Amino acid sequence: MLGRLLLPFLGPDEGGSNTQVQLRDRLGELLKDRPILVHCAVGLRAHVAVRILRQRGFDARNLSGGWTTWRHVAAAAESARAYLPESRTVPPEPTG
């Protein structure tokens, strides 16, 4: 089986032009043997796309919260790393 397919489902306000009608018209271009991860800015448009794909027999998942949420999570994690102490490598305990 091939890896997952990342399907951006962005509207005109997000730099894309995908609509539910376009998705339905282009279902024949997608492979059913690959899981599909759908994303949009906040998750709503992708949620609708996932419902359409699942109704047609695709293994589709929504990136919950959209890329906006994930971008904020990644930024917060990067900021938190600046406050963590340097990691120290602890040697393994001898066996035997």
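Given a Förster radius of 41 Å and the C-beta distance between Ala82 and Val42 as r, what FRET efficiency does 1/(1 + (r/R0)^6) yield to the nearest 0.05? Calculated transfer efficiency: 0.90. Scattering from the stretch 8-47 was approximated by placing one identical point on each alpha carbon and applying the Debye formula without solvent; log10 I(q)/I(0) at 0.25, 0.31 1/Å stands at -0.92, -1.14.
Quick note: the coordinates plus some simple rules give every number you see, no bench work behind them. None of the values given here were measured: they were computed from a predicted structure. Ideal geometry is used to build each Cβ from the backbone, glycine not excepted, and the neighbour counts take in all protein chains shown.
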